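**Q** One structure is given below, represented as structure tokens, and several questions about it will come after.
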Amino acid sequence: MRTLAVVVLAIVGYLVLAPTGRYLLRAAWEEGKILARRQPIVRLASDSTASPELRAKLALVLAARAYAHDSLGLETGKSFTTYSRLDRDTLVLVLSGAYRDKLRARTWWFPVVGRVPYKGYFDFDAARTAERALTAEGFDARLGAASAFSTLGWFNDPLLPTTLRADSLSVANTVIHELTHNTFYAPGGAVFNESFANFVGARGAERFFRSRGQAVAAQTVVDRWEDEKVLGRFWAALYARVDAAFKSLPGDEPAQVAARIAVRDSIYSKARTMLRDTVGPKLRTMKVGSVQRIRIDNAVLMARRVYLTDLDAFDAVLARHGGDLRGAIQAIIDAAKADRKHPFDAVRALARGSASR
């Protein structure tokens, strides 16, 4: 009992005194408020006092959830069976950062999920303070809003108003994306986890709408996914160019660091022109003007790659399975589990029809 008391006191002390502990306490408090406000979606979807738009989207969520479980084999648990109202328009701000002269993300460690290249903040003032601090430390920093998140099946994740503000196509995609995390999440593998979920969300939403006879909606989902792949190739090629430039200028002396930053700024300047003149015209659902407004620095490059890495490889696995998405999902999960250190290599091996190393 004495040992247990010491352990409990140590945990409480860590949570109260350590910055990460206080951060986790705030996150737990906010998650607790969200969970406490949960209401069954089934009841709300049939509530005549709710707006027709809300009821329609709630019904869509239940249908997408059922499709994810029954047709795709995803672990749904009780996620997205409830709805929670928020007392603000933005759910959470997500901070990411990268070294200015290295293609290396600033990472944060958390229990269960391991190291991740982003940190979510429910306290928006704290988020902005952290962004300024990261910039002052010499990192490129990026702060953006997120409309949904997954607790990886640990809790009954409710649907949130921030998710429902999107159109129906994005809502279905988001539900399937987040349920993919419930099904498989490799600790410390954020880039693989998010890119894989991006693939399942898009291809799953496409098939979901086709199963409902909504061919136009399904095609729009496909067009958006093709845009994601175009942008993914752009970021991958840009990453390769910057990586090669950095490797050609080694050393940690101030002059060498400055040289790397100068070269990467030149590459990014040309990339902005390419984004406008070459990439923009290929996009089916995004306007060139919106593409031109995309900021480019190491933090943005690293953050984009979290969701857009090797998307073509996932599609190639799907093609090898004859379009059987459920089979492709399971094959990818099995391959990633077999080669936890190199999950993308495992997926590329699947795409080629060869065994992973």
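**Q** Return the pairs, sorted by first residue and then second, in which the second residue is open to solvent by 20 Å² or more (accessible area, probe 1.4 Å), the first residue lies in region 327-349 and is outside any helix (DSSP H, G or I), the beta carbons are less than 6 Å apart, and the residues are 6+ apart or on different chains.
**A** Partner pairs satisfying both residue conditions: D339/S356.
**Q** Let me ask another. Which residues, taken from region 78-104, are closer than 19 Å to T129 by Cα and of a type in the set (G, A, S)?
**A** S96, G97, A98
**Q** Still on this structure: Give just the number: which of (1) crowded, with 18+ Cβ neighbours inside 10 Å; (2) in contact with a His (Cβ under 9 Å, 6 or more places away or on another chain) does G327 not satisfy?
**A** Failed condition: (1).
**Q** Just need a number here: residues in region 306-324 that are open to solvent by 60 Å² or more (accessible area, probe 1.4 Å), more than 14 Å from S195 (Cβ to Cβ) and of a type outside the set (A, V, I, L, M, F, W, C).
**A** Total satisfying the criteria: 4.
**Q** Among what's in region 160-182 and is modelled with pLDDT under 95 and more than 21 Å from L44 (Cβ to Cβ), pick the residue that is most open to solvent (accessible area, probe 1.4 Å).
**A** N182
**Q** Can you confirm whether region 334-342 contains a residue that is in contact with a Leu (Cβ under 8 Å, 6 or more places away or on another chain) and either open to solvent by 20 Å² or more (accessible area, probe 1.4 Å) or modelled with pLDDT of 95 or more (or both)?
**A** Checked region 334-342: at least one residue is in contact with a Leu (Cβ under 8 Å, 6 or more places away or on another chain) and either open to solvent by 20 Å² or more (accessible area, probe 1.4 Å) or modelled with pLDDT of 95 or more (or both).
**Q** Same structure, new question: Looking at F234, F246, which one is in a helix (DSSP H, G or I) and more than 26 Å from the chain's Cα centre (by Cα)?
**A** Answer to the selection: F246.
**Q** Taking the stated definitions as given, is T129 in contact with a helix residue (DSSP H, G or I) (Cβ under 7 Å, 6 or more places away or on another chain), polar (S, T, N, Q) and within 29 Å of A299 (Cα to Cα)?
**A** Spelling it out, it is not the case that T129 is in contact with a helix residue (DSSP H, G or I) (Cβ under 7 Å, 6 or more places away or on another chain), polar (S, T, N, Q) and within 29 Å of A299 (Cα to Cα).
**Q** What are the residues in region 31-61 that are of a type outside the set (S, T, N, Q) and touching a strand residue (DSSP E or B) at 6+ places or on another chain (Cβ under 8 Å), if any? So that I can check it myself, show each step before the final result.
**A** Of all residues in region 31-61, those of a type outside the set (S, T, N, Q) come to 31-38, 40-45, 47, 50, 52-61.
R38, P40, I41, L44, L58, V61 - these are the residues of region 31-61 that are of a type outside the set (S, T, N, Q) and touching a strand residue (DSSP E or B) at 6+ places or on another chain (Cβ under 8 Å).
**Q** Also: Kindly indicate the residue of region 196-228 that is touching a residue at least 60 places away in the same chain (Cβ under 8 Å) and open to solvent by 20 Å² or more (accessible area, probe 1.4 Å) and also nearest to I329 (Cα to Cα) among those meeting that condition.
**A** Among them, the one singled out is R203.
**Q** Would you tally the residues in region 65-79 being open to solvent by less than 70 Å² (accessible area, probe 1.4 Å) and either at pLDDT below 90 or more than 19 Å from the chain's Cα centre (by Cα) (or both)? Before the answer, list the steps.
**A** Pass one, region 65-79, residues open to solvent by less than 70 Å² (accessible area, probe 1.4 Å): 65-68, 71-74, 76-77, 79.
Checking which are either at pLDDT below 90 or more than 19 Å from the chain's Cα centre (by Cα) (or both) leaves us with 66-67, 71-73, 77, 79.
Number of matching residues: 7.
A quick yes/no check of all residues on (1) of a type in the set (A, V, I, L, M); (2) closer than 22 Å to L179 by Cβ; (3) under 26 Å from the mean Cα position of the chain (by Cα); (4) modelled with pLDDT of 90 or more:
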site: Y14; (1), (2), (3), (4): no, no, no, no
site: A28; (1), (2), (3), (4): yes, no, yes, no
site: K33; (1), (2), (3), (4): no, no, yes, no
site: L44; (1), (2), (3), (4): yes, yes, no, no
site: S48; (1), (2), (3), (4): no, no, no, no
site: S51; (1), (2), (3), (4): no, no, no, no
site: L62; (1), (2), (3), (4): yes, yes, yes, yes
site: T81; (1), (2), (3), (4): no, yes, yes, yes
site: D87; (1), (2), (3), (4): no, no, yes, no
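**Q** Cβ contacts < 8 Å: first residue free of Cβ contacts under 8 Å to residues at least 40 places away in the same chain, restricted to region 29-47; second residue among the β-branched types (V, I, T), any location; separation 6+ or different chain. Result?
**A** From residues that are free of Cβ contacts under 8 Å to residues at least 40 places away in the same chain, the pairs are V42/T81.
The values are calculated or read from the model by the stated rules, or taken from the named source; none is laboratory data. Because the structure is a prediction, the values reported are computed rather than measured. No Cβ is skipped: glycine too gets one built from the backbone with ideal geometry, and neighbour counts run over all protein chains shown. Just so you know, the surface numbers come from the protein's heavy atoms only, side chains and all, with ligands and any DNA or RNA stripped out. Shrake-Rupley method; radii C 1.70, N 1.55, O 1.52, S 1.80 Å.
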